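Colleague: Structure below; questions to follow.
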Amino acid sequence: MFFKPPADVPTRVFARLPDEFRNATAENEWVKFQPGGSPATSLLEGPSFDREGNLWCVDLPNGRIYRIDKSGTFHKAAEYDGWPNGLKFHKDGRIFIADYKNGIMEMDPVSGKVRPYLVRAQLERFKAVNDLFFGADGTLYFTDQGLTGLHDPTGRVFRVTPSGRVDCLLDNVPSPNGIVANLDESMLYVAVTRGNCVWRVPFTPDGGVAKVGVFVQLSGGWGGPDGLALDSEGRLAIAHVGMGSVWVVDRIGEPVYRVRTCAELHTTNVAFGGPEGKDLYITESGSGSILVASLDVPGKKMFSQQD
């Protein structure tokens, strides 16, 4: 099947990480074991907006959480012994962090205090969690990526119910990364980085999963699909590391837009924001920049934005 080429959408730089914040070194444990070509002095990820319109993101090798105000100025909100990789807000104001080193953490955005929320499933430690998403009822979904890939397809996807029950939904994913639900939350989309694709994970009536398949198959780049975001029409934005692009596909997987970087190629994650929610903010870790593109449809209202 052949699709029409997606329309190109340009980006502009909204903010750039100050040089004084880029201080990870080759001795940093995270940097030491990364493949060549990965950002070394910083790695921006996990963009998410608070109710006041401030953009928050993480800096993985430096163990930092940043708040970026509407003028594009970076403020260090927290620094701790961890490797924060994903970030989402709870509607009660808490920040939840998928920490590659420690597990799921929670943070008070006022005091900057970070503490563990979930560091194991029953008695088993995680491989290394990557990203997270809240469902409309407060259910937390997250990916446990570790160093999995096509050579070791044992990455996992977990669910934590509002009552605190922890369920492993998948345990055979070659590098699960970004995660989000479709509009009615009848299934999940999971970025499978090393497979260069996005899986669809339908829920069964009893809350399990069945008939998991590939929703979008990508190609190219030296990374793969990373962060995901959904708009109010159910279109999926896919950050593609190594292609310097964010692909926007419709509800049946047909390409609509290719959002092209105006910086480097390390487009790691995405979040909708701006006055009308139609601006797509992109963490581009090669240059340590936050890019922004103007789209025609606002992002889906998130759990943290509910009254």
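Colleague: Add +1 for every Lys or Arg and -1 for every Asp or Glu among the other residues with Cβ under 10 Å from the Cβ of THR41, and state the total.
Modeller: Working: positive: ARG22; negative: ASP19, ASP59.
Neighbourhood net charge equals -1.
Colleague: Can you work out the PRE-style zone for LYS301? Point 7 Å along Cα to Cβ, and I want the residues of the range 101-139 with backbone N under 14 Å.
Modeller: Under 14 Å, as judged by backbone N against the label point of LYS301, lie 136-137 of the range 101-139.
Colleague: Convert each backbone phi in the range 117-123 into a coupling constant with the Karplus relation 6.51 cos²θ - 1.76 cosθ + 1.60 (shift: θ = phi - 60°), then list the ³J(HN,Hα) values in order as whole Hz, x for Gly and Pro.
Modeller: 10, 8, 10, 7, 9, 6, 9
Colleague: Taking only the alpha-carbon atoms of the range 124-189, what semi-axes of the equivalent ellipsoid follow from 5 times the gyration tensor eigenvalues under a square root, in whole Å, largest first?
Modeller: Values: eigenvalues 87, 36, 15 Å².
Result for the range 124-189: semi-axes of 21, 13, 9 Å.
Colleague: I've got another one for you. According to the square roots a ≥ b ≥ c of the eigenvalues of the Cα gyration tensor, what is the shape class of the range 97-148, taking rounded for a/c under 1.5, prolate for a/b larger than b/c otherwise, and oblate for the remainder? Numbers along the way, then the final one.
Modeller: On the way: a/c = 1.78, a/b = 1.28, b/c = 1.39.
Oblate is the answer for the range 97-148, as a/c is 1.5 or above yet b/c matches or exceeds a/b.
Colleague: Please tell me which of these pairs span more than 26 angstrom C-alpha to C-alpha: LYS91/LYS211; LYS4/LYS301; LYS4/LYS278; LYS70/LYS113; LYS70/LYS278?
Modeller: Details: LYS91/LYS211 32 Å; LYS4/LYS301 29 Å; LYS4/LYS278 23 Å; LYS70/LYS113 23 Å; LYS70/LYS278 15 Å.
Flagged as over cut-off: LYS91/LYS211; LYS4/LYS301.
Colleague: Give me Rg/Rg_expected for the range 1-113, where Rg uses Cα atoms only and Rg_expected = 2.2 N^0.38 Å with N residues.
Modeller: Ratio of Rg to 2.2 N^0.38 Å for the range 1-113: 1.20.
Colleague: 5 Å is the cut-off here: which amide hydrogens, built 1.01 Å from N in the peptide plane, fall below it relative to PHE215, excluding neighbours closer than 5 in sequence?
Modeller: HN-HN under 5 Å from PHE215: VAL198, TRP199, ARG200.
Colleague: Is the C-alpha gyration tensor of the chain telling us rounded, prolate or oblate? Criteria: a/c under 1.5 is rounded; beyond that, a/b larger than b/c is prolate, otherwise oblate. Don't jump to the answer; show the numbers that get you there.
Modeller: On the way: a/c = 1.20, a/b = 1.04, b/c = 1.16.
Note, shape of the chain comes out rounded.
Colleague: May I pose another question? Given R₀ = 25 Å, what would the calculated FRET efficiency be for ARG51 paired with THR161, taking r from the Cβ atoms and rounding to 0.05? If you can, show how the numbers build up before the last one.
Modeller: Working: r = 24 Å, r/R0 = 0.98.
Efficiency computed from Cβ-Cβ geometry: 0.55.
Colleague: Would you mind checking which residues have amide H under 5 Å from TRP83's amide H? H placed 1.01 Å from N; only 5 or more apart, or other chain.
Modeller: TYR100, LYS101, ASN102
Colleague: Find how much the distance from GLU20 to HIS90 grows on full extension, using 0.36 nm per residue of separation minus their present alpha carbon separation; answer in nm with one decimal.
Modeller: Working: separation 70, 0.36 × 70 = 25.20 nm, distance 3.03 nm.
Answer, rounded to one decimal: 22.2 nm.
Colleague: Residues of the range 143-172 with backbone nitrogen within less than 17 Å of a virtual label 7 Å along the Cα-to-Cβ line of GLN122, please, listed as ranges.
Modeller: Backbone N within reach: 156-161, 164-172.
Colleague: Here is a follow-up. Length gain on complete extension for the stretch GLU233 to LEU183, per 0.36 nm per residue less the alpha carbon to alpha carbon distance? Working shown, then result.
Modeller: Details: separation 50, 0.36 × 50 = 18.00 nm, distance 0.77 nm.
Gain in length upon complete extension: 17.2 nm.
Colleague: List every residue whose amide H lies under 5 Å from the amide H of VAL209, counting only residues 5 or more places away in sequence or on a different chain, with H placed 1.01 Å from N in the peptide plane.
Modeller: Residues meeting the criterion, in which the H sits 1.01 Å from N, are THR204.
Colleague: Rounded to the nearest 0.05, what FRET efficiency do THR73 and TRP222 have when you use their Cβ-Cβ distance and R0 = 22 Å? All intermediate terms of the calculation are to be shown ahead of the outcome.
Modeller: On the way: r = 32 Å, r/R0 = 1.44.
FRET efficiency, THR73 to TRP222: 0.10.
Colleague: Would you please name the trypsin sites (Lys or Arg not before Pro) within the range 23-71 that are DSSP coil residues with at most 14 other C-beta atoms within 10 Å of their C-beta?
Modeller: ARG51, LYS70
Colleague: Also, quick follow-up: Short version: ³J(HN,Hα) in whole Hz for each residue of the range 132-138, in order, from phi by Karplus 6.51 cos²θ - 1.76 cosθ + 1.60 (θ = phi - 60°), x for Gly and Pro, what are they?
Modeller: Rounded to whole hertz, the list is 8, 7, 9, x, 4, 8, x.
Colleague: With r defined as the distance between the Cβ atoms of LEU150 and GLU29 and R0 fixed at 25 Å, what FRET efficiency is calculated, to the nearest 0.05?
Modeller: On the way: r = 25 Å, r/R0 = 0.99.
Once rounded, the FRET efficiency stands at 0.50.
Colleague: Moving on. Any chance you could check the Cα centroid distance between the range 273-305 and the range 188-216 for me, in angstrom?
Modeller: Between the Cα centres of the range 273-305 and the range 188-216 lies a distance of 24 Å.
Colleague: Explain nothing, just compute: Karplus ³J(HN,Hα) = 6.51 cos²θ - 1.76 cosθ + 1.60, θ = phi - 60°, for every residue of the range 44-56 in order, whole Hz, x for Gly and Pro.
Modeller: Here the 3J(HN,Hα) series is 7, 7, x, x, 7, 9, 8, 5, 8, x, 7, 9, 10 Hz.
Colleague: Any idea what the dipole of the chain comes to, in debye rounded to 20, about its Cα centre with Lys/Arg Cβ at +1 and Asp/Glu Cβ at -1? Spell out each step's value before the answer.
Modeller: Numbers: 32 positive and 37 negative charges, 36 e Å.
Value, rounded to 20: 180 debye.
Quick note: the coordinates plus some simple rules give every number you see, no bench work behind them. Just so it is clear, the model here is predicted, and its values are computed rather than measured. So basically every Cβ, Gly included, is an ideal-geometry build from the backbone, and we count neighbours across all protein chains shown.
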